[in-house]
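Quick note: the coordinates plus some simple rules give every number you see, no bench work behind them. All values derive from a computational prediction rather than experimental measurement. Because the Cβ atoms are built from the backbone with ideal geometry, glycine has one as well, and the counts that use them run over all protein chains shown.
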């Protein structure tokens, strides 16, 4: 439906039946124009993004960076006039971990500084190590045997998946009209192929089991440290956990994730029989005083006597990985959500429902912040016993697919909500946001709401270089945030939140799901 | 001219006049097939490239890495049966310089390792520094004044040109048929625009003068060190000289070239009034015992009594920049040239003329190795007094445009050579090499020959990611060398060198240039 059709329809339906009237959303064009003007012309989203990334720094789960971000966002939201700003514990997470020093270089056959970072939650080296390397390659558990007796006091070099090469594809892209059109269709039912699914799962499990055995052997045999890589290129490398964050986790070896080019050079030299010596110093700091995880929440109180007890929520996760400042994952989402509430406050529009922003902790470790918030406030998906607040949530909007502008929204299988979103998008076709997809999208915090039958949604964003360059890498930095994209997204989110806060009814919900005992959930 | 036309022509010209016969090149298809077979099926080019890059390491002018490469290539060429292999001094270059340690990190407002490397020929820090930063931005000399009294004991952060952002263009490309076709045309005479040329030159000079003033001020005011960047993205950064290599050069401050993302974070934090502390240690080693520069040369002796005193040369430069292993600039060219002579030896073909490979030193500092070799052996362009060897050089072939396969050759304004090259390329259309361009191409060692009227040529190579990712960066590594491209190029070079060694006449020359006193040359 285009804009003209909608207006005609709206006009002709002024005295329509309630059922039909329900299908036409009231669009307060004056309020929406104010939102657009504030968000495009007096934006603070890049300033917010700067504070979240550069000033707070990397924001690993329960790290000092995340604590800085919790405190700063609480203060900042309060300074914009939000109320009840709170760093709200969601339960027990595990140990905090921060890097105090990281230095790794090749010192023989000649000197070369290497690009790398400690894997999260790995321990310090015992001062500066200077050690020979050994390449460890194992496709099966039996392959490990040949390294027995070879590893003592050595730095183990693990293999590099997908070695880099000249790239003929651009890092960044935007969705084409055709791709967006495709998203408006329900996905074809996947061809049932239980065998290959089972095969894949078996392969995955076998690989994980092998890596566990390898880790145990390296430790048992007295290796000094491990250098590994999960991929990347050009000085970019991927980062991940190197150890459990549980307070009582068993100690592991110091392990660094390396730029593939550096790791491959070490491997090639070593395999050619040339002795390679590594100089390595990491100092990491564990924090076990406070094992709790936190979410930051703050509100714009509703103004309608009847509806202000109802809540429209919006959020993104504040935690990140540790080797960069988590700009696209997910300072962008948080900055946009914060900007959306700032815009709503600054325009002076009067939302009928209460608007609550939530900046989630510990998403990267398993959506912990949002899952536990939902459990504490709305329902536990394991029992589906509903808490009183469950009835009061009008909608939850999430943003966590990088820094690209909003091209539409996933209805997450909620067909009743689609015509509403289609109408809400009408005023923003000129900003490139047009698409309502019936599809599900996963991987982030709206799932926590969806899991208990609450209307939780994630927007469709232009991919840019999220999947190729920034997602979980050491290059997820402020440079990757195009200001125009963040401004556009802020306006779109503010408008959706505002509409959800003004609408006579809460957003339609899908049927309540059945209780899913812990073991059955992802 | 396509292959069929050529064959028809060759057949019909069996009893043609000498003048016309001259236009038809003899192609020894059996020998060329052997060259192709050896180069494509029993290639050692990647092994050679591995030794030049990973094993020898970075090969800065007069560095230990370059010394290793000189010794290794001499030994390797000898092992393949070449004779008179020699590390031949070309004259005085300047100081050797190597990195012994390089570590730089941000230690406040939080810890973060930074990606960077010392600029070439910069001195060590005095142990580990821990200093505050100051951002220094100056568009004019007057702007420098405001920093007076502010710099003592500070680490100066210089501006970042072209900050990185998501990239919508691929790093690597190959030439299209249309682009190659365009190269066969003479370039249109450039629109004369002396004003804008003069403006550009003036801007360039003003910028260089400003940087000199800035450097002097930083030193005079007692700054502790400098962090700068010349560009790059994703963990890739460009490298260059930070100081003169002359033995009597004035001391400068320690200076590192940084990944732009890291430098920009430091600048943004500092400009926001947040104190930034840097921990920095560099140890660099100067070598002043041997200030000479060297080229490596070796020969396959000619077999024809009359022609063996004549020489076909081929070469590439062995020196590189220091922050990577100079894989595409120019280990690739050297490995291909070495492979070409290996192929010729391995096939047992009997070149009539002597073939001489030269691996040049100190190209990156001004084509010094080749310019001085030409001056010592052939002629000094300042006087154009020809030495006896000038008459004996049949051709010089150069390769120094990265790791892409050969698509043709630049005739360097030598029109008489074009039909010869066109016929030499005929057997290699299936390998993608078809184009003879009348144009000049610059920037590397064939210019040294061209400058004294000798027929020096550079091949046309697919650009790949040479201009975007590897040229003078810290990511010029072995990964950037596609084996198929290097094999193809080796076959093409071997065939050209072989043809030039077999031909009845030396390659036609352009008229001798006039003597150009030093001051008039680039």
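Assorted remarks:
- Over the C-alpha trace of the stretch A:197-241, radius of gyration and Dmax come out as 13.8, 38 angstrom.
- Cα principal axis extents for the stretch A:96-287, largest first, Å: 58, 42, 35
- Chain B - Debye-derived log10 I(q)/I(0), Cα point model, q = 0.07, 0.08 Å⁻¹: -0.43, -0.56
- Degrees, to the nearest 10: B:483-502 long Cα axis against longest axis of chain B: 50 degrees
- Placing R0 at 45 angstrom, the Cβ-Cβ distance between residue A:389 and residue B:132 gives a FRET efficiency of 0.35 after rounding to 0.05.
- The residues B:28, A:171, B:445, B:430, when put in order of fewest to most other Cβ atoms within 10 Å, stand as B:430, B:28, A:171, B:445.
- Against chain A, whose longest principal axis comes from its Cα atoms, helix A:194-220 is set at around 50 degrees.
- Rg followed by Dmax, in Å, when the protein assembly as shown is reduced to its Cα trace: 33.1, 108
- Whole-angstrom gap from the stretch A:463-479 to the stretch B:147-180, using each part's C-alpha centre: 18 Å
- Exposure proxy for B:449, A:204, B:428: other Cβ atoms within 10 Å of each Cβ, ordered fewest to most, give A:204, B:428, B:449.
- Residue exposure sequence - A:504, A:400, B:290 - by fewest surrounding Cβ within 10 Å: A:504, B:290, A:400
- Evaluated over the Cα positions of the stretch B:28-159, the convex hull gives a direction-averaged projected area, one quarter of its surface, of 15.4 nm².
- Spacing of the two label points (7 Å from each Cα toward its C-beta) at residue B:271 and residue A:211, in nm: 4.0 nm
- When only Cα pairs below 8 angstrom with a gap of at least 6 residues are kept, chain A shows a relative contact order of 23 percent.
- Take each residue in B:99-108, count the other chain C-beta atoms within 10 Å of its C-beta, and the mean is 4.
- Cα gyration tensor shape for the stretch A:454-522, rounded if a/c is under 1.5, else prolate or oblate: oblate
- Counting, for every residue in B:461-470, the Cβ atoms of other protein chains within 10 Å of its Cβ and taking the mean gives 2.
- Pairs of Cα atoms farther than 24 Å apart, the stretch A:81-208, %: 67 percent
- With the helix formula -39500 (n - 2.57) applied to DSSP H stretches of n ≥ 4, the protein assembly as shown reaches a computed 222 nm mean residue ellipticity of -9000 deg cm²/dmol.
- Each 10 Å bin from zero up to the one holding the largest Cα-Cα distance in the stretch A:264-401 carries the following percent of pairs: 10, 29, 26, 15, 8, 7, 4, 1.
- Principal-axis tilt of helix B:29-41 within chain B, Cα atoms, nearest 10 degrees: 30 degrees
- Counting only DSSP beta bridges whose two residues both lie in chain A, roughly 55 percent are antiparallel.
- Distance histogram in 10 Å bins (all Cα pairs of the stretch B:194-344, percent per bin): 8, 22, 27, 22, 12, 6, 2, 0
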